[in-house]
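Q: I have a structure I would like to understand better, so I am pasting it below and will then ask my questions one at a time.
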Amino acid sequence: MKKRDILTSGTDGLIPQGDAARQAIDSLRGYVYQVTAAALAWLDVDGKSKIFLEVAEDYAVVAAGAISAVQVKDTQASGKVTLNTESVRDAISSFVTLTALNHDADVHLRYFTTSEIGTEKAIQDRPGGVPGLVYWRNVAKGADATPLREMLDSDKFPDPVREFVRSRGDDELRRDLFRKIHWDCGRPYLASLRKEFQDRL
C-alpha cells in the first residue's frame, strides 16, 4: 500500500485543502536547522562546558565564566541581512539584555544565518559608506565607531540599546559590543549541515 493510501484510508480519498500561506513548512525547516546547528555545537562541548537549548537564545555554550549564545536563522529565502533587518536589530537588543541579566559573565552572541550580508538601501544608512555589518567588523578591529554609535543611538533601536551605547566611550563600546556580537552570515544550508553532523559522528 502506498503512503498516500495509508494516509487517506477510510476517508473516501478526501484530502483536506488549506491555505498554503498558513502552512508551517518554513517554520518547521527553521526549527530543524536550529536543532542541527545545536547538535553540531554539542559535538564540540568538552567536559568543562555545558550547552543549553532555548535558555539563552537558540542555544548557548557556557564555559569558564563565559556565555556564548547563538541565534540560528535559516533565512536565505528571505534575502540578505543588514543593520536594518528586524532580526539583526533584535539580536543586538537581545545581546544587551543577556549582558544585563548575566553581568558576572563574559557574554558573546553569534548570529548564525544562511543569509549573506547585504547593503542598506539608503546611502545614509551605510556607516562609512559600506554595508553596516561589514563596518561593524571594521569597528571591532579599530575603525572609527562614530557612524555605528549614531545609528545605534537612534530611534531605530529601543531604549536599553541606546542607554548601553551612551554609557560607554568608543573603546569601551568596541570592547563591550562590537567585539562581542559576531555576524556569522552565509552559513551552509540544512543539507550541508546534516552531512557535516553525520560525517563527524
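The values are calculated or read from the model by the stated rules, or taken from the named source; none is laboratory data. Remember, it's a predicted structure, so these values are computed and weren't measured experimentally. Here Cβ is always computed from backbone atoms with ideal geometry, including for glycine, and neighbour counts include all displayed protein chains. Heavy atoms of the whole protein, side chains included, go into the accessibility calculation; ligands, DNA and RNA do not. Shrake-Rupley method; radii C 1.70, N 1.55, O 1.52, S 1.80 Å.
Q: In the list K156, K141, which residue meets the criterion of being in contact (Cβ under 8 Å) with a residue 24 or more places away in the chain and open to solvent by 50 Å² or more (accessible area, probe 1.4 Å)? Walk me through how you get there before you give the answer.
A: Working: K141 fails: in contact (Cβ under 8 Å) with a residue 24 or more places away in the chain.
K156 is the lone residue from the list that is in contact (Cβ under 8 Å) with a residue 24 or more places away in the chain and open to solvent by 50 Å² or more (accessible area, probe 1.4 Å).
Q: With respect to A145, determine if the residue is of a type in the set (G, A, S), in contact with a Leu (Cβ under 8 Å, 6 or more places away or on another chain) and modelled with pLDDT of 95 or more.
A: Judged against the criteria, A145 is a match.
Q: Hey, could you check segment 82-101 for residues that are part of a helix (DSSP H, G or I) and free of Cβ contacts under 8 Å to residues at least 40 places away in the same chain and say which is nearest to T113 (Cα to Cα)?
A: S87
Q: Collect the residues in segment 165-181 that are in a helix (DSSP H, G or I) and either open to solvent by 20 Å² or more (accessible area, probe 1.4 Å) or farther than 11 Å from V96 by Cα (or both), keeping them in residue-number order.
A: R166, D170, D171, E172, L173, R174, R175, D176, F178
Q: Taking segment 61-88, which residues are within 16 Å of R110 (Cβ to Cβ), of a type outside the set (S, T, Y) and under 12 Å from the mean Cα position of the chain (by Cα)?
A: A69, V70, Q71, V72, K73, D74, V81, V88
Q: Please give the number of the condition P188 fails out of (1) touching a residue at least 24 places away in the same chain (Cβ under 8 Å); (2) assigned to a helix (DSSP H, G or I).
A: Checking P188 against (1) touching a residue at least 24 places away in the same chain (Cβ under 8 Å); (2) assigned to a helix (DSSP H, G or I), the one that fails is (2).
Q: Next question, about the same structure. Looking for whichever is of a type in the set (A, V, I, L, M, F, W, C), under 15 Å from the mean Cα position of the chain (by Cα) and modelled with pLDDT of 60 or more here; the options are L43, L53. Which one fits?
A: None of the other options fit; the residue is L53.
Q: Further question: Quick one: which of S154, S115 is in a loop (DSSP other than H, G, I, E, B), more than 20 Å from G186 (Cα to Cα) and hydroxyl-bearing (S, T, Y)?
A: On the way: S115 fails: more than 20 Å from G186 (Cα to Cα).
It is S154.
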